[in-house]
1. Just to be sure before I move on: is Arg79 of a type outside the set (Phe, Trp, Tyr), out of contact with any Asp or Glu (no Cβ under 9 Å at 6 or more places or on another chain) and exposed (fewer than 12 other Cβ atoms within 10 Å of the Cβ) in the structure I sent?
2. Can you name the residue in segment 73-102 that is assigned to a helix (DSSP H, G or I) and among the small types (Gly, Ala, Ser) and, of all such residues, is modelled with the lowest pLDDT?
3. Are any residues in segment 73-94 of a type in the set (A, V, I, L, M, F, W, C) and either touching a Pro at 6+ places or on another chain (Cβ under 7 Å) or farther than 21 Å from Arg23 by Cα (or both), and if so, which ones?
4. Considering each residue of segment 14-48, count those that are assigned to a helix (DSSP H, G or I) and within 29 Å of Ile3 (Cβ to Cβ), and give that number.
5. Give me the pairs, please: first residue somewhere in segment 1-20 and surrounded by fewer than 14 Cβ atoms within 10 Å (Cβ to Cβ), second residue anywhere and among the acidic types (Asp, Glu), beta-carbon distance under 6 Å, and either six or more positions apart or on two chains.
6. Filter segment 49-60 for residues that are part of a helix (DSSP H, G or I) and within 23 Å of Glu4 (Cβ to Cβ) and give the result.
7. Quick check on Ser70: is it touching a Pro at 6+ places or on another chain (Cβ under 7 Å) and modelled with pLDDT under 95?
Amino acid sequence: MEIEIAIGCLAALSQQTRLDAFRQLVRAEPRGLPAGDLARSLSVPQNTLSAHLNVLSHAKLVTSARSGRSVVYRADLTRLNALVRFLVEDCCGGVGCAPLVADLASCCPPLETTSPKETP
């Protein structure tokens with residue numbers, strides 16, 4: 001990740017309502033949340049939330065898709081991963097930091113993977 005992109009992401013997250021919205025969207029992965037539900041849970045008017053989600057979208061931290069009459073927002077975990085990696089890439093002199101990596105890994109259990117069925 002380039003420094004300008006990281007600064008844009010961090011700037012987008014540097015406001016409390018946007019940070020709260022993004023954290024809720026991260027918790028709602030992979031299904032996402034309709035904009036109206038997110039506005040109600042944050043106790044903010046929908047037009048205010050729309051402006052905040054626009055800032056997060058511009059930073060490519062959230063994506064949206066229409067679902068019927070609703071717009072469902074999702075956190076872009078790939079972008080979040082890139083931002084976290086950017087922030088810690090020089091940890092421990094650039095040789096990797098096992099305690100930090102272990103701490104970060106413990107917050108998210110690995111995704112279940114399905115192995116192809118073996119054929120006799």
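The values are calculated or read from the model by the stated rules, or taken from the named source; none is laboratory data. Everything numeric here is computed off the predicted structure, so don't read it as measured data. Reconstructed Cβ throughout: ideal geometry from the backbone, glycine too, with neighbour counts over all protein chains shown.
1. Working: of a type outside the set (Phe, Trp, Tyr): yes; out of contact with any Asp or Glu (no Cβ under 9 Å at 6 or more places or on another chain): yes; exposed (fewer than 12 other Cβ atoms within 10 Å of the Cβ): no.
It is false that Arg79 is of a type outside the set (Phe, Trp, Tyr), out of contact with any Asp or Glu (no Cβ under 9 Å at 6 or more places or on another chain) and exposed (fewer than 12 other Cβ atoms within 10 Å of the Cβ).
2. In this case the residue turns out to be Gly94.
3. If we filter segment 73-94 for residues that are of a type in the set (A, V, I, L, M, F, W, C), which is where we start, we get 75, 77, 80, 82-84, 86-88, 91-92.
Within segment 73-94, Cys91, Cys92 meet the criteria.
4. Matching residues across segment 14-48 total 12.
5. Going by the 6 Å Cβ cut-off, there are no qualifying pairs.
6. Taking segment 49-60 as the starting set, the residues that turn out to be part of a helix (DSSP H, G or I) are 49-58.
Of everything in segment 49-60, those that are part of a helix (DSSP H, G or I) and within 23 Å of Glu4 (Cβ to Cβ) turn out to be Ala51, His52, Leu53, Asn54, Val55, Leu56, Ser57, His58.
7. Working: touching a Pro at 6+ places or on another chain (Cβ under 7 Å): yes; modelled with pLDDT under 95: yes.
So Ser70 fits the description; yes.
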